1. Return the residues of segment 46-55 that are open to solvent by 20 Å² or more (accessible area, probe 1.4 Å) and part of a helix (DSSP H, G or I); say none if nothing qualifies.
2. Under 7 Å between Cβ atoms, which residue pairs at least 6 apart in sequence (or on different chains) link something in segment 347-364 that is open to solvent by less than 70 Å² (accessible area, probe 1.4 Å) with a partner that is hydroxyl-bearing (Ser, Thr, Tyr)?
3. Condition test on Leu341, is it hydrophobic (A, V, I, L, M, F, W, C) and either open to solvent by 60 Å² or more (accessible area, probe 1.4 Å) or closer than 19 Å to Ala120 by Cβ (or both)?
4. Could you please tell me which pairs satisfy a Cβ distance under 6 Å, a separation of 6+ or placement on different chains, a first residue in segment 92-113 that is in contact (Cβ under 8 Å) with a residue 24 or more places away in the chain and of a type outside the set (Gly, Ala, Ser), and a second residue that is in a helix (DSSP H, G or I) and open to solvent by 30 Å² or more (accessible area, probe 1.4 Å)?
5. I need every pair where a residue in segment 62-77 that is on the phi < 0 side of the Ramachandran plot and in contact (Cβ under 8 Å) with a residue 40 or more places away in the chain has its Cβ under 6 Å from the Cβ of a residue that is assigned to a helix (DSSP H, G or I) and among the acidic types (Asp, Glu), sequence separation at least 6 or different chains.
6. Taking Ala302 as the residue in question, decide whether it is part of a helix (DSSP H, G or I), hydrophobic (A, V, I, L, M, F, W, C) and either at pLDDT 90 or above or touching an Asp or Glu at 6+ places or on another chain (Cβ under 8 Å) (or both).
7. Suppose the filter is polar (S, T, N, Q), surrounded by 15 or more Cβ atoms within 10 Å (Cβ to Cβ) and at pLDDT below 90; does Ser168 pass it?
Amino acid sequence: MNIIKELQNKNHPHVLGGLDILKYIGPGLLVTVGFIDPGNWASNFAAGSEYGYVLLWVVTLSTIMLIALQHNVAHLGIVTGLCLSEAAVKYSPKWVGRPIVISAVLASISTSLAEILGGAIALQMLFGIPIPMGALLITAAVLILIFTNSYKKIERVIIGFVSLIGLSFVYELFLIHIDWGTTIYSTFVPSVPHGSLLIIMSVLGAVVMPHNLFLHSEIIQSRQINAKGEARIQHMLKYEFFDTLFSMIVGWAINSSMIILAASTFYGHGEHVEELSQAQVMLQPLLGNNAANIFAIALLLAGISSTITSGMAAGSIFAGLFGESYNSHDTHSVVGILISLGVALLMIFFISNPFQGLIYSQMILSIQLPFTVFLQVRLTSSKKVMGKYANRLWNTIFLYTIAAIVTILNIWLLIQQFTD
């Protein structure tokens, strides 16, 4: 990353101008790719086709949460030199830290399931390959890419292509008729239609993903900024936020545009998206008859890239249980990767409705999220862990409020499931 090279080559921090800040935009875009993974596609298309524009506020709320949480967990890695998993095991009681980290491993399985399933659906659209066989091919390809580290060679190509498709959804907003008044209102004003809570939770879980919090802290801590002196820590803490903010806003625009397009294309005509292959028609105004193939290729690349990320996150989480950092050649990291991808692959063989499988997998992430957030905030608010960089009181309250909101939504969902 250019940001790391620059930090390593400078001995003293200095004040940057507006153009200089652009040099720090980049690493967060890797996280943004997770915004347009198969789980997001399914959740957004379901939200727009079933409820129109009214659930746009969920993306806005989720993005605000994500900016705060990703920025906060990055601080943990920068200051301590530990990823979230390592810090949880080191600084939390065994009966608190370890169970939460283990639950995060289980959440990574749910993430991997969605990513592998999305890639398999793409292979079915392109070549007619059955879902189970496609899932096996996706898993094998990802394992090869992770364990040979060859994914780094194609990473930029995948990110560039998938981002282009994602941004094409944004561009299409100017090509079709949209009720902008309702869109703007729904973007900021919450509304919970009857029966929509499952979709709300899946959208929330698709944006604020527990494994990304663990992985972000892993990536940051692997650079060992904390070992490079106080000036380097303060420099990185200051400008990391610009990268996070810019990248998350891009993700917000892409997610919102998917819901808007689904609302205009399907909801307005009384249709519901029940398969991802239906959603390719949303690209036809921009791509014409080639929309189906390009949509499937984008979905395939999104599935592969996000499965790689999910596998790496699982390796990082599991290695942290043993006080170790991620290393694709280390036993504990390898076991974590194999557990996440292997169990997810096995589960796919028993899923009868792939689209619903994607929706429920994202809901599971949302259920685990409060545990990770409460743990993270406890660590970053501790002076024992963070020293003078511990969260200020207002920040602690804000972050705990985020955890409380997700917890309340989860409880509401459970009550609704048992009473309906």
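The values are calculated or read from the model by the stated rules, or taken from the named source; none is laboratory data. Quick caveat: nothing in here was measured; it's all calculated off a predicted structure. Cβ placement follows ideal geometry from the backbone for every residue including glycine, while neighbour counts extend to all protein chains displayed. Surface areas here come from the heavy atoms of the whole protein model, side chains and all, with no ligands, DNA or RNA. Shrake-Rupley method; radii C 1.70, N 1.55, O 1.52, S 1.80 Å.
1. If the condition is that a residue be open to solvent by 20 Å² or more (accessible area, probe 1.4 Å) and part of a helix (DSSP H, G or I), then Glu50, Tyr51 are the ones that fit.
2. Ile359/Ser43; Ile359/Ser202; Ser361/Ser110; Gln362/Ser43; Gln362/Ser202; Met363/Ser202
3. On the way: hydrophobic (A, V, I, L, M, F, W, C): yes; either open to solvent by 60 Å² or more (accessible area, probe 1.4 Å) or closer than 19 Å to Ala120 by Cβ (or both): yes.
Criteria met by Leu341.
4. Close Cβ pairs satisfying both conditions: Ile100/Phe371; Val105/Phe318; Ile109/Val343; Leu113/Met347.
5. Every condition considered, the pairs that remain are Ala74/Glu240.
6. On the way: part of a helix (DSSP H, G or I): yes; hydrophobic (A, V, I, L, M, F, W, C): yes; either at pLDDT 90 or above or touching an Asp or Glu at 6+ places or on another chain (Cβ under 8 Å) (or both): yes.
Considered against the rule, which asks whether it is part of a helix (DSSP H, G or I), hydrophobic (A, V, I, L, M, F, W, C) and either at pLDDT 90 or above or touching an Asp or Glu at 6+ places or on another chain (Cβ under 8 Å) (or both), Ala302 comes out as yes.
7. Working: polar (S, T, N, Q): yes; surrounded by 15 or more Cβ atoms within 10 Å (Cβ to Cβ): yes; at pLDDT below 90: yes.
It is true that Ser168 is polar (S, T, N, Q), surrounded by 15 or more Cβ atoms within 10 Å (Cβ to Cβ) and at pLDDT below 90.
For every residue, the table says whether it meets (1) modelled with pLDDT of 90 or more; (2) of a type outside the set (S, T, N, Q).
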| residue | (1), (2) |
| --- | --- |
| His329 | no, yes |
| Val335 | yes, yes |
| Leu338 | yes, yes |
| Ile359 | no, yes |
| Ala390 | yes, yes |
| Asn395 | yes, no |
| Phe418 | no, yes |
